[in-house]
Every structure is written in C-alpha cells, then in structure tokens.
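Have a look at the structure below before the remarks.
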Amino acid sequence: MNLRKHFTKVSYRLRGLWLPVMFLTIMAMGVGAAHAAEGHSRLLEDFVIPSDDNTVWCYYYWLNDDISKEGVTKDMEAMLDFGIGAVLIGNINPALTDGRVPLFSDEWWDTTIHAVNEGHRLGIEVGFFNCPGWSQSGGPWISYDQTMSYLIYTETQVEGPGPVNVPLVQPMPTLRISTGEPFLPDASEYQDTSVLAFRTIEAEAQTLSQANAQISVDPAVDQLEYWLDGDTETAALFDRSEATEYRITIRTEEDFTARSLHLHPAYPNFRCEVEIRAEIDGAFQTLRTVTFDRSNPRVNVGPVTHAPLAIALPDVEAQAFELVVNQFAGGPNMVGFSSISFSEAPVLEEYIEKSLGKMHPTPLPEFDSYLWDTQPELQTDGLAIAEVLDLSEHMDTDGLLDWEAPEGNWTILRIGMTPTGTKNDPAAPQGTGYEVDKANAELARYHFDQFMGEIIRRTPEESLPALKYLIADSYEMGPQNWTDGFEARFEEKYGYNPVKYLPVISGRIVGSVEESERFLWDLRRAIADDIAYEYVGGLREVANEHNLQLWLENYGHWGFPSEFLMYGGQSDRVAGEFWNEGTLGNIECKAASSAANIYGMPVVSVEAWTASGQAYRRHPALLKRRGDWSLTEGVNHHVLHVYIH
C-alpha cells in the first residue's frame, strides 16, 4: 500500500476552521498500516462532526438596547443548531439613546443573566465585552482622577532677585473632538503635578509678528493678517476650489535668524505639504519640506486635537521667508492655519507627537510613523534650559507662588493633569463615561468590578461555569502621558527623576537635544509598558481570579501607544480581525499569530469577515478568498462577525 500517496493531502477541521495539512510518510515513522487507517478514519470523523472544543464562535451584538429574554433563547438555540460554541456579547448602541430595554434597567439585568443561564443550559460558552460599547474599559463609574490623563501647563514670567508672590494661572484644557460631540474637560477636573522654574530663554521674545513683519500670499486670502497675530482663535483660510497651491511670503526690514516654525491648524481638518524657504543672496532656497497632517482631530488620535506642528530650522539669517503650501487632502474646501510663527528660539521638533499629544491619524500606522530623523544639536549657548528648579512646594492650593527668586528673568511652568477625554463607545448615555487609566492595575481591577463583577455577582452559581471570557476589542482609546505615582515609578525604572525634563512638553530643549529626545523615548517606553503590564496584565489577573479568560484583540487603531506583541503577551488569548473588503487585517492577523507564537498560545482567534455596507449581498464566493488568506496569516480559530440579536 502506497501510504505516501494515500496520505498526501488530508483536510481536517481545526478549532472551527478548514485547514489543508500535508502529512509525513507514516511508514517512515514506524506506524503500522492498521494504526494509520484508524487515525485517518478518526480525522475524517472529527472533520465532519467537530468535537465540543472545536467550534466556531461569534460576536453577539445587542444593538440599541432592543433586547428580550425570548429573543435571546431563540438566538442561542439557533446558534447551537448551527454549531456555535461561544458567544461574545457586546452592548452596542450607535444610536446613543435608550432602546426598548434601557441599559442597566432591571429588565436589562434580567436579560443579561438569562443569556448566561441559557449558555449553561445549551452548552454554549459566554463572554462579555469589558464595558458597554466595543471599546474598551470605561463607564460612568470612572471619575476624572481615575481616567486617562495628559499634562498641560501655563507660563508666568518673574524677575529676581527678591521675593516672588504671584498667582500662577491654572492650566485650562482645550477643546477636544471626541467620537461624538466636541468635548471640553471641566476646569475642576484638573490636578496639579509640579511647578518648575528655569532661566528665561531670551530668544523666545524674537518672533515674526504684525509688529515687525509684512505678510502676503498668492493667490489672495482674506484676513491673512491673522496668521501673524499670535491668536490661535483667529484664522485665515485657503480656498481649495480656487487654487491648488498658495505661496505665503513674510518680510521683515531687519535680519532674522529663524530656528523654528510653529504651524497652528484652523478647525477644519486637513493635510497638506509645506515647503519652507528663505531668501538668501536674492533667491529663495528650500530649508525644509514637511507634511502638515491634522486630518483627524479625534481624541483617540491624541488629546491635543488641534496641535501645532513644530519644525526645527537650521540657523538661517534672512529678511524674507516663504511657505509653499500644496497637495491638500481631507476636509472641506476652506482650510488653513490659525497662526504661523517663526522664532529665533529653537524647538524640539514634533514635541507634541513625541510626548504622545498627537499620533498617527489613520487606523494603520506606517512602519516609520514613530521614527523621527535625528535633530542636530544646538550650536549656540543660551538656547537650551541648563537647569530646572522644582518649586512645587512653594505653591499653595490656591495657586499662589511664594518663592525667593535668584537674580535674573525666570519662566515658571505650572503643570498638571487633565482628562484626555476618551470615553467608551458606542454606548447608551447611562453606560458612557471616561476610559480607565491605562497605567494602573488597581484601577483596571476597579473597572472590572463595576461591570463584569456585577454580572458575576448576579449570575446563579450553577450557571457560572458557562461564563468564560472577558472581551477587550481592538484598542482605540489613544494615548496618555502621566498618572498618579508616575514620577516615582519612572525614577525607579530609569534611574532619574523625570520632572526636571518636563519643560520639553512645551517644546523647549532641556540640557541638549539628545537628553530631551532620550527622556521622551523613556516616557513613551514607560507608557507602552504600563498599558501592557498594568492595564492588560491587571485585567487578566482579576479575570482569572473569577475563572474567566481575557480574550484580547492585541493591536490598536489610530493612536495606539503600546506594542502589539508585548500587549498581547499579557492576555490569556489573542485575536486579530479581517474585513471582507479593504486592508483591515493586513496587520492585525499577523499581530495576533506572532504574539501567540512568541507567548505560547496554541489558539489564534480572528474577528472574521467584518464588513460595512452591502448588507445581505455577500455570498460564500465573496467570503472564501479573504477567509482562506487569513489562514496563511496564522489564524486557526474563527469568531464570526456578527450575529445581531
């Protein structure tokens, strides 16, 4: 009997998938023909009738609170007939209003527990999303001091020597554009963290403004003087329906050494290319060409939703500068800048991006989205901060600074935390609230107790074995850059106190460019580690204590401030996703299979065949190609998207 030919290719169903497998020559392994035939028969039997631990799962969405116990029973009985082994229940409310059975009402709780009871009766495993909505760990129980936070600051100028008794203005959060309506954190939600002083950098007073420069633009733009008024609440806009390129020229009567440029966006969101030029020996020469991208203002792309772009320039002395603006993309026809600020003071380039205030604007970052070119060191003394004084103990609770200032001019920064503004979404109003701080395992535990813990407490003990999974969907909550106790943990980890470097969040250079860049690298590294070990690790620990497994899509879209592999490694199970059309899945599936391989997880799940539009028009031939492709990415378990209750 030619066993090599007989067993050349056999298909079997592995954890709910069709997977072609090539078998080794059984005779070469010393296995008898009878044994081989028996094994072949068993494979075919399991292929036709999968075992109980080898089933397809599905997402089970309860849309807009239109739910009933009768409907749940009919749904789950139908799923059982189809062969669904587990349901992952999400309370998804795109309408953002109450449905027939309002979230957290008595009937809602009864229906939720009924689903667990039915899972126990039918032998279907049950998991719940970690909060209302599909992302990710938030709710009305999260207060402002338990949420994701970001550092903001105000500046005060004082002169010594002598006593300084001045009120320091409390930093105020700026308007944030969330997934729904614009959001402005309340001033009462601000928390002081530190007060710092450093000798004022004299070059900061030298800028091109309405007082010392004239501005023109071709083609003409209305109210172009707003670009030099220093007020980011006013703006001049380009009309893209009139021209595809604009040339802005700024002239001054005296030589001006340009070391930095800030471009502040106006509120319409857009992207463009900007060529920065200086007039040298009677002709304009290109200094830099940069991409200005403020096409996505949502808070999950960073809490500084309308951040300026900070650009470092070589020390170029000139009396005229030009910006060539073209290749517009995104936004309406009328887009533009609120401020254009050339300065003789240097800047740490893209400091807002590097301090996690603004991140990549699309779901899928490029490989180099968070790689920056090395910025040259400063060539002139007095342009960087040489020493930072911590004056935190000299400010009282009302913001009054009492300090004996040394001789000279001093800049005082009052720095504190404010909520980033990210909230769980999309959920009913009574289920929506701040996202939990991602750098605190105890707060991850607290959040679990408020939602999943309540489901566990209400579930009859005999039904608890059916409750198996805590679900964390793809991360879409954006970054944070500070938290309670962060200073001490940072110092323990890196061996230095981070507070002295905090002026870099204003774009200033502390010590040297290299020192400042290194601090921001350490800051990003610390946040990335915390999101993996404190947040995911914290959720896993508390879930396991309640006999649940954490099932995590181990990647993030838009502003993801951690690392896919490390992030997934702290979960019990990992999953990717793929959409039937488009490119979503091109990174996600490989992220899951790679993490599973590295961290020893035998099952690689995938949110399968997600799609939008063309409802009920897809047939198996449209689905097969993408499904087959997902297997080549290392997936071996499909979770169907989506069963609608």
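At a glance:
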quantity	calculated
Filter pass, GLY582 being part of a loop (DSSP other than H, G, I, E, B), open to solvent by 10 Å² or more (accessible area, probe 1.4 Å), free of Cβ contacts under 8 Å to residues at least 40 places away in the same chain and over 24 Å from ALA444 (Cβ atoms)	yes
Of residues in the range 461-486 being among the aromatic types (Phe, Trp, Tyr) and closer than 25 Å to GLU517 by Cα, the one surrounded by the most Cβ atoms within 10 Å (Cβ to Cβ)	TRP482
Residues (assigned to a helix (DSSP H, G or I), farther than 17 Å from LEU364 by Cβ and open to solvent by 60 Å² or more (accessible area, probe 1.4 Å)) located in the range 588-615	ASN597, ILE598, TYR599
Test: residue in the range 584-595 that is in contact with a Lys or Arg (Cβ under 9 Å, 6 or more places away or on another chain) and either over 20 Å from VAL56 (Cβ atoms) or among the aliphatic types (A, V, I, L, M) (or both)	no
Any chance TRP134 is at pLDDT below 95, surrounded by 19 or more Cβ atoms within 10 Å (Cβ to Cβ) and aromatic (Phe, Trp, Tyr)	yes
Residue match in the range 181-198 (condition: within 23 Å of GLY331 (Cα to Cα) and part of a loop (DSSP other than H, G, I, E, B))	yes
LEU631 vs. criteria open to solvent by 50 Å² or more (accessible area, probe 1.4 Å), assigned to a helix (DSSP H, G or I) and more than 30 Å from SER68 (Cβ to Cβ)	no
Any hit, the range 540-548, residues being of a type in the set (Gly, Ala, Ser) and open to solvent by 20 Å² or more (accessible area, probe 1.4 Å)	no
Of all residues making up the range 144-172, the number that are in a loop (DSSP other than H, G, I, E, B) and either on the phi > 0 side of the Ramachandran plot or surrounded by 20 or more Cβ atoms within 10 Å (Cβ to Cβ) (or both)	3
Residue in the range 336-351 that is buried (at least 20 other Cβ atoms within 10 Å of the Cβ), outside any loop (DSSP other than H, G, I, E, B), out of contact with any helix residue (DSSP H, G or I) (no Cβ under 7 Å at 6 or more places or on another chain) and among the hydrophobic types (A, V, I, L, M, F, W, C) present	yes
Residue that is farthest from GLU387 (Cα to Cα), among those in the range 511-528 that are out of contact with any strand residue (DSSP E or B) (no Cβ under 7 Å at 6 or more places or on another chain) and open to solvent by less than 20 Å² (accessible area, probe 1.4 Å)	ALA528
Filter pass, THR380 being without any contact (Cβ under 8 Å) to a residue 60 or more places away in the chain, over 28 Å from PRO185 (Cα atoms), open to solvent by 40 Å² or more (accessible area, probe 1.4 Å) and out of contact with any Pro (no Cβ under 6 Å at 6 or more places or on another chain)	no
Criterion (within 27 Å of ASN481 (Cα to Cα), β-branched (Val, Ile, Thr) and in contact with a Cys (Cβ under 9 Å, 6 or more places away or on another chain)) met by exactly one of THR305, THR291	THR291
Neighbours by Cβ (under 7 Å, 6+ apart or cross-chain): first from the range 487-504, open to solvent by less than 60 Å² (accessible area, probe 1.4 Å) and at pLDDT 95 or above; second polar (S, T, N, Q) and assigned to a helix (DSSP H, G or I)	TYR501/SER516; VAL504/SER516
Test for ASN440: is it polar (S, T, N, Q), open to solvent by 10 Å² or more (accessible area, probe 1.4 Å) and either in contact with a helix residue (DSSP H, G or I) (Cβ under 6 Å, 6 or more places away or on another chain) or in contact (Cβ under 8 Å) with a residue 60 or more places away in the chain (or both)	yes
Options THR244, THR305, THR257; residue that is of a type in the set (Val, Ile, Thr), open to solvent by less than 30 Å² (accessible area, probe 1.4 Å) and more than 22 Å from ASP373 (Cβ to Cβ)	THR305
Residue tally, condition charged (D, E, K, R) and either assigned to a loop (DSSP other than H, G, I, E, B) or surrounded by fewer than 23 Cβ atoms within 10 Å (Cβ to Cβ) (or both), over the range 549-569	1
Qualifying residue in the range 396-407 (condition: open to solvent by 70 Å² or more (accessible area, probe 1.4 Å), more than 21 Å from the chain's Cα centre (by Cα), under 21 Å from VAL510 (Cβ atoms) and free of Cβ contacts under 8 Å to residues at least 24 places away in the same chain)	no
GLN206 vs. criteria in contact (Cβ under 8 Å) with a residue 24 or more places away in the chain and touching a Lys or Arg at 6+ places or on another chain (Cβ under 9 Å)	no
Tally of residues being over 16 Å from VAL126 (Cβ atoms) and of a type outside the set (D, E, K, R) across the range 52-71	4
The lone exception for LEU356 - which of (1) free of Cβ contacts under 8 Å to residues at least 40 places away in the same chain; (2) touching a strand residue (DSSP E or B) at 6+ places or on another chain (Cβ under 8 Å); (3) aliphatic (A, V, I, L, M) it fails	(1)
Unmet requirement for GLY331, which otherwise passes all of (1) open to solvent by less than 30 Å² (accessible area, probe 1.4 Å); (2) outside any strand (DSSP E or B); (3) not hydrophobic (A, V, I, L, M, F, W, C)	(1)
Test: residue in the range 309-325 that is crowded, with 20+ Cβ neighbours inside 10 Å and either in a loop (DSSP other than H, G, I, E, B) or out of contact with any strand residue (DSSP E or B) (no Cβ under 8 Å at 6 or more places or on another chain) (or both)	no
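Residue-by-condition table, conditions (1) in contact with a strand residue (DSSP E or B) (Cβ under 9 Å, 6 or more places away or on another chain); (2) open to solvent by less than 50 Å² (accessible area, probe 1.4 Å); (3) in a helix (DSSP H, G or I):
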residue	(1), (2), (3)
ASN54	yes, yes, no
TRP57	yes, yes, no
TYR61	yes, yes, no
ASP66	no, no, no
GLY85	yes, yes, no
ARG100	no, no, no
ILE113	no, yes, yes
GLU118	yes, yes, yes
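The values are calculated or read from the model by the stated rules, or taken from the named source; none is laboratory data. Keep in mind that this is a model prediction, so the values were computed, not measured. Reconstructed Cβ throughout: ideal geometry from the backbone, glycine too, with neighbour counts over all protein chains shown. Side chains are part of the model used for accessible areas, which takes the heavy atoms of the whole protein and leaves out ligands, DNA and RNA. Shrake-Rupley method; radii C 1.70, N 1.55, O 1.52, S 1.80 Å.
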